[in-house]
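The values are calculated or read from the model by the stated rules, or taken from the named source; none is laboratory data. Here the structure is a predicted model, which is why all the values come from computation and not from measurement. All Cβ positions, even for glycine, are placed from backbone atoms using ideal geometry, and neighbour counts span all protein chains on display.
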Amino acid sequence: MSLIKSISGIRGTIGGQPGVSLSPLDVVRFTAAYAVLISRQCNPEVRPKVVVGRDARLSGDMVRQLVCGTLRSSGIDVIDIGLASTPTTEMAVTFTGAQGGIILTASHNPRQWNALKLLDSAGEFLNAEQGSTLLEIAHKEDFRFVEVDQLGSYTRENHTQAHIEAVLNHPLVDVQAIYRAGFTVAVDGINSVGGVVIPQLLEALGVTCIKIHCEPTGNFAHNPEPLPAHLTDLSEAVKSHKADLGISVDPDVDRLALVCEDGSMFGEEYTLVACADYVLSCEARENPDVKQHTSSNLSSTRALKDITERYGGTYTAAAVGEVNVVAEMKKKGCIIGGEGNGGVILPSLHCGRDALIGTALFLSHLANKGVSASCLRDSFPFYYMSKNRVELTEGFRFEDTIEKISKAYSYARISTVDGLRIDFDDQKKWVCLRKSNTEPIMRVYAEAPDKTAAEALSAEIISML
């Protein structure tokens, strides 16, 4: 399997041949290319600084040493923040005034994977143009290393507490209401960094925390993607401890999935919907004459659009990928947005998916509503999403597939902004197929007001592949 090079970073499995796996040679090559990119963008009189953070996966420390050494040998000062969530690393770039950041995580991918996620000076992912330049530098090996007197410095810092304090101090986080509610919450930290930072946040909010799989050993207790089939332990813990809520995050803590008090799934697609409902309701009270905007990617539930329009706002869809959603949010001035995989982006905190602010917003909403998680879930428009993955084979031509299916559904509303999305507005259903940025697969998602219609639509599309 070749390395996956996309807007989601340089991603691959550990072990194997260079250029096929994420080998030490590839780690050094792409880190050196990133160092060149950052140095070119800096004032020549400024010595660049780069923040490095990682999740707890087994290869993390090995990759960290390679990355930090390569940056230093490129004349860049390194701020190593150790075990840290992706959003913490993003915020640490701005906390320290660094010129960039590298996050060592393969997000939801299994334990054998790792990746370099690359940040700019705003703590946001590189855009398409920057990414293209980096790949060109890496391909040409257009880099050189400094002499001994110019080696970059190395410092270790911890920015988790600063991130937590920024969340607690955000005006939309109702700390007092959460304290008064006296919540008990079960947390599944997947034996990665979420098992450390989420309990710290909850304890600061006065929440009683039940921990499962919270030792950051990197030995993931189950498949790390926070999907219902993988959250049975959390569901049982919520019921057995009579908790008010269950919280699950992926290994780098940018995705948030919730379990209701009865053990049922809140639904990762509805994490953003619930947080947006809270933020929009607060803004409607404070600024009733200002119409707010939201955005999510093309593969996310249309419930966010419904909720936004309920408050008189407007919703727009972006291509899949956090950098694309952030660009759309900035363009439209969105108050909140994100992705239907449980990724909540609150730009007034920072422009990145963040399970910590998502947790605080959700608990604020729950506390102010005074209802159970299942009751809150029932208050939103209901849609069922059928999520499917198709393994890609050699010779598969995605462009031919798009053309064939577009012709078959020419009567519907077609979008090719990202893969192919077909909207059947009169029936409130849609289907989207696109190649993954993070795995050698094609995703086929369909949504409709009921399960039968959604699954029939996705099966119909898959049969045409």
Query raised in the report: With respect to V93, is the statement that it is surrounded by fewer than 24 Cβ atoms within 10 Å (Cβ to Cβ) and either among the aliphatic types (A, V, I, L, M) or touching a helix residue (DSSP H, G or I) at 6+ places or on another chain (Cβ under 6 Å) (or both) true?
Result: no
Query raised in the report: Given (1) at pLDDT 95 or above; (2) surrounded by 22 or more Cβ atoms within 10 Å (Cβ to Cβ); (3) part of a loop (DSSP other than H, G, I, E, B), where does A274 come up short, assuming only one miss?
Result: (3)
Query raised in the report: Looking at E261, is it at pLDDT 95 or above, farther than 19 Å from D174 by Cα and either part of a helix (DSSP H, G or I) or not aliphatic (A, V, I, L, M) (or both)?
Result: yes
Query raised in the report: Just checking, how many residues over the range 413-436 are buried (at least 18 other Cβ atoms within 10 Å of the Cβ) and either farther than 16 Å from I402 by Cα or polar (S, T, N, Q) (or both)?
Result: 1
Requested in this report: With respect to D252, determine if the residue is free of Cβ contacts under 8 Å to residues at least 24 places away in the same chain, more than 20 Å from A373 (Cβ to Cβ) and either surrounded by fewer than 21 Cβ atoms within 10 Å (Cβ to Cβ) or not assigned by TED's automatic domain parsing to the domain that holds D425 (or both).
Outcome: no
Requested in this report: Mind listing just one residue for me: the one in the range 218-238 that is assigned to a helix (DSSP H, G or I) and aliphatic (A, V, I, L, M) and, of those, surrounded by the fewest Cβ atoms within 10 Å (Cβ to Cβ)?
Outcome: A229
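Scan E203, E236, E136, E225 and give me the residue that is under 25 Å from E90 (Cα atoms), in the same structural domain as L346 (by TED's automatic domain parsing) and without any contact (Cβ under 8 Å) to a residue 60 or more places away in the chain. I'd like the intermediate steps shown before the answer.
Numbers: E236 fails: under 25 Å from E90 (Cα atoms); E136 fails: in the same structural domain as L346 (by TED's automatic domain parsing); E225 fails: without any contact (Cβ under 8 Å) to a residue 60 or more places away in the chain.
It is E203.
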